[in-house]
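Single-structure report; data block below.
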Amino acid sequence: MLKIGVLSLQGGVEEHLKLLTKIKNVSPCSVKKKKDFIDLDGLILPGGESTTLGKLLDIFDLKDSIIDLAYKGVPIWGTCAGMILLAKKIDGEKSHLNLMDINIKRNGYGNQLDSFKTTAIIPKISKFEVPLTFIRAPYATKVTSNAEVLLELDNKIVAIEQDNLLATSFHPELDEDLKTHEYFVKKVKAFKSSKLKAAK
Ligand code: GLN
């Protein structure tokens, strides 16, 4: 079984847990204390409010636990506010976990257009269109180093992968489509198999 944690401090936790239960060989769990992070095979940082999430990570002293996982190669996926937490640069603000080589514009779609739905093909994730739900979403203005753009919509970068890290501006947990979760689970599975092989 693949043990995948969802950071459970604030935001869209239940929706991710619910979708993960639909995928074979995945045991989803909520994580909120230091000890919960120790034996995870994968971690999701959900959407919510990144300033609040950043403060809660400091209050509960959890930043190092997440950074340690990232350095060990454990797959981590940030959706929306989670993507903001992963970034090394946020326009006009201090960054949080400093893990991904991306520059973020928070609430990048402005006020009128702050929530919308669309669809797109994300070639690495699926050859069919996947639904994309944006809610007061950020986007990346720039990726550097070996961060790879998985999807750009109207000159806004909305899905990025950098080694074990994945970030999406949109919320796949709010749609019925499992493709993005399945893609993340594939990364988790590959990480766990390589870890088991190395231990032999
Ligand atoms: N706008 C939020 C922020 O800046 C993110 C919104 C979301 O996660 N749905 O934190």
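Every number here is computed from the coordinates shown, using simple stated rules; none is lab data. These numbers were taken from a predicted model, which means no experiment stands behind them. Neighbour counts are summed over all protein chains in view; Cβ atoms, including those assigned to glycine, are modelled from backbone coordinates with ideal geometry.
Below 8 Å between Cα atoms, with a sequence gap of 6+, how large is the relative contact order for region 2-199 in percent? Numbers along the way, then the final one.
Numbers: 413 pairs, mean separation 37.7, N = 198.
Here the relative contact order equals 19 percent.
Roughly what % of Cα-Cα distances in region 81-146 sit above 13 Å, to the whole percent? Numbers along the way, then the final one.
Numbers: 1438 of 2145 pairs.
Cα-Cα pairs in region 81-146 separated by more than 13 Å: 67 percent.
Hey, which of these cross-link pairs are over 31 Å Cα-Cα: K32/K94; K127/K200; K105/K197; K24/K142; K156/K192? Numbers along the way, then the final one.
Numbers: K32/K94 23 Å; K127/K200 36 Å; K105/K197 40 Å; K24/K142 35 Å; K156/K192 33 Å.
Correct reply: K127/K200; K105/K197; K24/K142; K156/K192.
What's the ranking of 68-76, 163-171 by average number of surrounding C-beta atoms within 10 Å, highest first?
On the way: 68-76: 18.3, 163-171: 24.9.
Ranked by mean Cβ neighbours within 10 Å, highest first: 163-171, 68-76.
Working from the pairwise distances between different alpha carbons, so that the mean of 1/r is found and then inverted, what is region 1-70's Kirkwood radius in Å? Could you put the intermediate results ahead of the total?
Values: mean 1/r = 0.0815 Å⁻¹.
Every distinct Cα pair counted, the radius reaches 12.3 Å.
Beyond 24 Å, what share of the Cα-Cα pairs of region 2-199 is found? Please give it as a whole percent.
Numbers: 6371 of 19503 pairs.
Within region 2-199, distances greater than 24 Å cover 33 percent of Cα pairs.
Taking a point 7 angstrom from the Cα of E93 along the C-beta vector, which residues in region 111-141 have backbone N less than 19 Å away?
Correct set: 111-116, 134-141.
To the nearest 0.05, how large is the calculated FRET efficiency for K3 and T141 if R₀ is 45 Å and r is the Cβ-Cβ distance? Don't jump to the answer; show the numbers that get you there.
On the way: r = 34 Å, r/R0 = 0.77.
Calculated transfer efficiency: 0.85.
What's the ranking of 37-46, 52-61 by average number of surrounding C-beta atoms within 10 Å, highest first?
Working: 37-46: 21.1, 52-61: 14.9.
For the peptides 37-46, 52-61, the packing ranking is 37-46, 52-61.
Quick check on packing: order 177-185, 131-139, 13-21 by the mean number of other C-beta atoms within 10 Å, highest mean leading. Present the calculation step by step, with values, prior to reporting the outcome.
On the way: 177-185: 20.2, 131-139: 21.8, 13-21: 18.6.
Result, highest mean Cβ count within 10 Å first: 131-139, 177-185, 13-21.
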